[in-house]
There are 2 protein chains.
Amino acid sequence: MTADTTIRATDPSSGRTLEPHRETAIAELPAIAGEAAAAFADERMRDADRRVAALRGAAARLRADGESLRALFQRESGLPAGRAEGELERTCFQLEALVDVVAAGAHLEPIVDRADPAARPAPRPDLRRMLVPIGPVAVFGASNFPLAFGVAGGDTAAALAAGCPVVVKGHPAQPGINAAVAGHVAAAVAEAGLPAGAFAHVQGASAELGAALVRAEPIAAVAFTGSTAGGRALFDVAAGRERPIPVFAEMGSVNPAVVTVGALRARGGAIADAFVAAITGAAGQLCTKPGVVLVPAGEEGDRWCADVAARLAAAEPLVMLTERMRDALAAQLAELSARDDVDPLTPPAAPSGPGFRVSAAAFQTSASALASAKELREERFGPFALLARYGSDEQLETAVAAFDGQLATALHIDVASEPERARRLTELLAARCGRVVYDGFPTGVAVTWAMQHGGPYPSTTAAGETSVGMTATRRFMRPVCWQGAPAELLPAALRDENPRGLWRRVDGRLTDAAIAPPASAG
Amino acid sequence: MTADTTIRATDPSSGRTLEPHRETAIAELPAIAGEAAAAFADERMRDADRRVAALRGAAARLRADGESLRALFQRESGLPAGRAEGELERTCFQLEALVDVVAAGAHLEPIVDRADPAARPAPRPDLRRMLVPIGPVAVFGASNFPLAFGVAGGDTAAALAAGCPVVVKGHPAQPGINAAVAGHVAAAVAEAGLPAGAFAHVQGASAELGAALVRAEPIAAVAFTGSTAGGRALFDVAAGRERPIPVFAEMGSVNPAVVTVGALRARGGAIADAFVAAITGAAGQLCTKPGVVLVPAGEEGDRWCADVAARLAAAEPLVMLTERMRDALAAQLAELSARDDVDPLTPPAAPSGPGFRVSAAAFQTSASALASAKELREERFGPFALLARYGSDEQLETAVAAFDGQLATALHIDVASEPERARRLTELLAARCGRVVYDGFPTGVAVTWAMQHGGPYPSTTAAGETSVGMTATRRFMRPVCWQGAPAELLPAALRDENPRGLWRRVDGRLTDAAIAPPASAG
């Protein structure tokens, strides 16, 4: 028998080591995953009312414990008070928004095709289909959203809403907030009368623990938010299983932005404001940070770049989440500085003060260098942007077309004076991303029906799905069709009476009506 | 420069070698995939009217050439005339059914969330999302449905409907029908004004050709119907790419069926009829064949098994698709015969006659052997079934629970006299399959909205999707969200006017109405 190991976080603002938290041993995972499997087989897990109560209860508990959670949040993340408050509210909202989806059965996508002996090309039996939960889900929390993409974050909320037990591995940079949030979710799950295995939390800093969780036999899907290397490693483990499972990994993204000369003329100052806020907010530690911006060559572009550089240089030093992240950014900027095709726009700075502080920075390159050098199109996490200057539409379009899959892109353009350019750029941008933002930057990710937070590889491993918004449950569900089923064996959502008044596709048409009983033969 | 290589099929009814067809060289694939990529970037590919015309045109051409196609079909597959006719009609229907989906924009899943400055937890921008095509799709045709899952089969139809160029590899057992169908699709694509790269057909018998197609850089997704080994091999290639791509492989399935004592009493003869038809139809070469049936121990079960065995023994020998399939089945049955826990119910038979003929066969085992021996739960492709006898509900449920993921299952039960048994079995079956069929067998797969042809691994590599029915396009699409976009830059489906009257989710509610312009301030 070995002694427990522990993980200890560091307060990124002070550099102080925080109290130890027990690490989960790999040997514990089979039992934890087994409990999740038992919960999945338990009828109570399919009771939407219990799941609604658990989601509501978790939100209520998080709000009630707000003061303590916000303090923990700041201490372990170094993020400011306003962010702690906003993110806690967002986390609660995500849990509650899915309550409405589950209550309306909108996640079930019910479809009814009644029997039709005259159907072409062959008589049709009665077919009724809806989505059912896929099984226990392993969730990996992100460090840059300790709450909203953490233990009770969007992935956990979506999986529980879908009816899937969750085993969540909190990010090891924030063990304290993970443990506190996990306590609230577990209590809400118990109070709602869900089986205990519906939710479990594991902690640990080793990649082996994460890989072992993905390998655990009962795990049916994986949700991850973090680095490309981390997400790809889990994807490879999942694909290599005897029974492969899907990995919904939201990974790196540069989120290139385009600024045209028309936009600069119309509102260059406002764009510079918004851009600097997008680079420095949360110390640039957002998966939707516009890491590259394409700016026209020439005087107007020069002025805009100088304006941005001056604002960044004047910004207070920013605290990064971890020492590793700070060091990674420093190494990346050192590498960039050494290149012939890149020039710094901001002066070198070595910020003083305790903890993991960095200064915001911007470098400049040409659109042609951006198009030809893959390294210039890589994500650099932190308060940094690369400004790439283009001399022609062709240079601009070639640079945009060189980008791989992205979560988001942004277009600042004056549509009235540049209509054809706007059309072409929209097409190029939409072809390689999950979201195109106009006259703004993608750093805000609203939790709504139409949100898409996802994109082609390498921004995610599953371009067809989203990890934010009301359709995020779709990742954890699969369709089942009941053919010729006696009514009493059908899920309520598929019965003629439509007791909850769900929107369903019946005989090809969307309706929320019940299906009328067949007229009795006279 | 090497000489062209050729593949030659064999007429399975006569054993005669048929005329040679040119094999595609691996070295040709980059150019073919490159043309598909060029087509994908071409605006014409996003014109729904052109795609509708191509789908309709392909169906019309296939129908017009029906006589010749049916003859080719029979000659290369050994399947009977009725099947040739039915499958050709089904293939045309699949192409035409998707026309209606595309015309109604139902594959786009449009969602509009209008800007709301008062939204919680933060002001909401205007967000509009719909599905867009994912990119060029590689399709692998199946030998057991030379038309319906072939070159112009369901996968090709769904990918083209979605807006994706298709590179299809026809099954090498039927090169003649592949080439003929490919000619019609290519002509329809050209007549509809789609770019030439929208459709390409490659032929070849080597696994290397298939793997190279999956590796081809522009390919964005793979659809496959065939064996577990074949599907998994392509899945592994796709997951190992630098940019992994999704593989929608519909693979092996045993489709276990359950017959209860109540059902035997109420309609044992009819169930035997249907079961024998399901085993012998298409010589049992269906992915939905009920390969295992759980039958009660005792006299009634004995009589039913004897009845089934007698009917199978009396059936005419059946022609299998290929020599390899015939030999594989023979080897599997020899292995089963050697087991202590399995007994033959039908006499050994070595059918005479030319070609690849086999006799229908059934073996018997116990439900407990089925539950404990994985080999008994494997798919055996061809006119064969394993009848597993259970002595109690516990034995039955343990055996059902031992099965991995399945495309379909079947339940023959007398709900009125066995309500609790029906409920428990429904739950167990639905938990491991994509479709549960009542009082029937799953061999018919209707092309409708509610159909689910898919299931947990190993029946497919993507339990969340279907390869048959109106929602089959979802595999080849991904969401894109336009945030704050000027109306003129939005796809028509997302504009306020809703010019085609699509059903959309607007501010959370489904509607087919246009969005009213904002009232002007008085």
(request) For segment B:434-522, please list each of the strands (runs of 3 or more DSSP E) lying entirely inside it that holds at least 1 residues being surrounded by fewer than 21 Cβ atoms within 10 Å (Cβ to Cβ) and at the interface with chain A (Cβ under 7 Å from one of its Cβ atoms). (result) B:504-506, B:509-511
(message) Name the residue that is nearest to the chain's Cα centre (by Cα), counting only residues in segment A:217-250 that are away from every other protein chain (no Cβ under 11 Å) and of a type in the set (A, V, I, L, M).
(response) A:223
(request) Please determine, by comparing only the residues of segment B:126-140 that are buried (at least 24 other Cβ atoms within 10 Å of the Cβ) and within 7 Å of another protein chain (Cβ to nearest Cβ), which one is farthest from residue B:48 (Cα to Cα). (result) B:127
(request) Given the conditions (1) within 30 Å of residue A:134 (Cβ to Cβ); (2) assigned to a helix (DSSP H, G or I), report the number of the one that residue B:300 does not fulfil. (result) (1)
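Can you tell me which of A:188, A:142, A:122 is in contact with a strand residue (DSSP E or B) (Cβ under 9 Å, 6 or more places away or on another chain) and assigned to a loop (DSSP other than H, G, I, E, B)?
That would be A:142, the only listed residue that is in contact with a strand residue (DSSP E or B) (Cβ under 9 Å, 6 or more places away or on another chain) and assigned to a loop (DSSP other than H, G, I, E, B).
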(message) Suppose the filter is more than 30 Å from residue A:233 (Cα to Cα) and surrounded by 21 or more Cβ atoms within 10 Å (Cβ to Cβ); does residue A:426 pass it?
(response) yes
(message) Let me confirm something: among A:51, A:16, which residue is modelled with pLDDT of 95 or more, among the basic types (Lys, Arg) and under 30 Å from residue A:355 (Cβ atoms)?
(response) A:16
(request) Read through the list (1) under 29 Å from residue A:334 (Cα atoms); (2) over 23 Å from the mean Cα position of the chain (by Cα), then give the number of the only condition that residue A:459 fails. (result) (2)
(message) Suppose we filter segment B:77-98 for residues that are surrounded by 20 or more Cβ atoms within 10 Å (Cβ to Cβ), within 12 Å of another protein chain (Cβ to nearest Cβ) and among the hydrophobic types (A, V, I, L, M, F, W, C); how many remain?
(response) 4
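Looking at segment B:99-116, which of the residues that are within 12 Å of chain A (Cβ to nearest Cβ) and surrounded by fewer than 19 Cβ atoms within 10 Å (Cβ to Cβ) is nearest to residue B:478 (Cα to Cα)? Before you say what the answer is, go through the steps one by one.
At the first step, the residues of segment B:99-116 found to be within 12 Å of chain A (Cβ to nearest Cβ) are B:100-101, B:104, B:106, B:109-116.
Of the ones still in play, those that are also surrounded by fewer than 19 Cβ atoms within 10 Å (Cβ to Cβ) are B:100, B:104, B:114-116.
Details: B:100: 20, B:104: 18, B:114: 21, B:115: 23, B:116: 26 Å.
Only one residue tops the list, namely B:104.
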(request) Return yes or no: is residue A:415 assigned to a loop (DSSP other than H, G, I, E, B) and more than 20 Å from the chain's Cα centre (by Cα)? (result) yes
(request) May I ask you to list the residues in segment A:402-412 that are over 22 Å from residue A:447 (Cα atoms) and more than 9 Å from every other protein chain (Cβ to nearest Cβ)? (result) A:402, A:403, A:412
(request) State whether one or more residues within segment B:375-390 are in contact (Cβ under 8 Å) with a residue 12 or more places away in the chain, crowded, with 16+ Cβ neighbours inside 10 Å and part of a helix (DSSP H, G or I). (result) yes
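The values are calculated or read from the model by the stated rules, or taken from the named source; none is laboratory data. Keep in mind it's a predicted model, so treat the numbers as computed, not measured. Using ideal geometry, Cβ is built from the backbone for each residue, glycine included, and neighbour counts are taken over all protein chains shown.
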